[in-house]
Amino acid sequence: MKSYAGKKAVVTGGTHGMGLATVKALLDGGAEVLLTGRNERNREAARRELGRGAHVVRSDAGSLADIDALRAFAQGFAAELLPRRIRVNAVSPGFIKTPTMGVAGASADVLAAFEQEGREVTPMKRIGTPEEVARAALFLAFDATFTTGVELPVDGGLGQGITVPHA
Ligand SMILES: NC(=O)c1ccc[n+]([C@@H]2O[C@H](COP(=O)([O-])OP(=O)(O)OC[C@H]3O[C@@H](n4cnc5c(N)ncnc54)[C@H](OP(=O)(O)O)[C@@H]3O)[C@@H](O)[C@H]2O)c1
């Protein structure tokens, strides 16, 4: 098991989906984690599930949650924070099986259609798991010590212009 003992982490949007998978991996490794979410019921469920070591707080990070803005900011932050020896990297998920698939309030039918589309258009012919995204994020955070300013797609090849040959 990875050891994150003595590490402190903040995961915004950590009460379900990819954020929660990342929180769990950090806690499993012994880190202390502060995580945020907007919805009280989701926060309470996370508190119950995660127990000690997890500090669940309310936060609405609407503007920060904007993916395009985050992408653009990652390189800027990387340059700005380099003198302080802080690395900044981004993970870019493809279709990932989370409770919302990234679309809050979507009906079960819409989610099923979204999943189906994901399986069809993704070169790997499946959708990803939150744990796969968490592993990539934690790799960048802890192991990739000579890496900053990158965007790592975790998308089954979706954004890479891969053409799958017919069998
Ligand atoms: N799943 C996918 O296929 C997919 C693909 C590409 C990109 N994404 C993006 O990746 C991110 C995570 O997606 P996800 O599918 O894991 O789940 P999600 O439904 O976006 O929620 C993940 C977490 O974010 C919190 N959250 C959402 N909006 C927030 C806000 N404005 N302020 C603070 N917390 C907020 C949620 O808490 P509450 O529910 O309590 O608010 C939850 O803890 C999203 O930005 C999503 O758009 C997802």
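Summary of values
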{"item": "Subset of the stretch 115-137 (residues that are assigned to a loop (DSSP other than H, G, I, E, B) and near the ligand (Cβ under 9 Å from one of its atoms))", "result": "ILE127"}
{"item": "The listed residue being charged (D, E, K, R) and within 22 Å of ASP28 (Cα to Cα), out of GLU132, GLU151", "result": "GLU132"}
{"item": "Flag if ALA112 is assigned to a helix (DSSP H, G or I), touching a Gly at 6+ places or on another chain (Cβ under 9 Å) and either surrounded by fewer than 13 Cβ atoms within 10 Å (Cβ to Cβ) or at positive phi (or both)", "result": "no"}
{"item": "Residue match in the stretch 68-82 (condition: polar (S, T, N, Q), surrounded by 14 or more Cβ atoms within 10 Å (Cβ to Cβ) and within 20 Å of TYR4 (Cβ to Cβ))", "result": "no"}
{"item": "Residue among VAL150, VAL103 that alone is under 28 Å from GLY37 (Cβ atoms) and free of Cβ contacts under 8 Å to residues at least 40 places away in the same chain", "result": "VAL103"}
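Read-outs throughout are calculated quantities, based only on the coordinates presented, and are distinct from any laboratory measurement. Worth saying up front: this structure is predicted, and the values here are computed from it rather than measured. Heads up, the Cβs are rebuilt from the backbone with ideal geometry, glycines too, and the neighbour counts pull from every protein chain shown.
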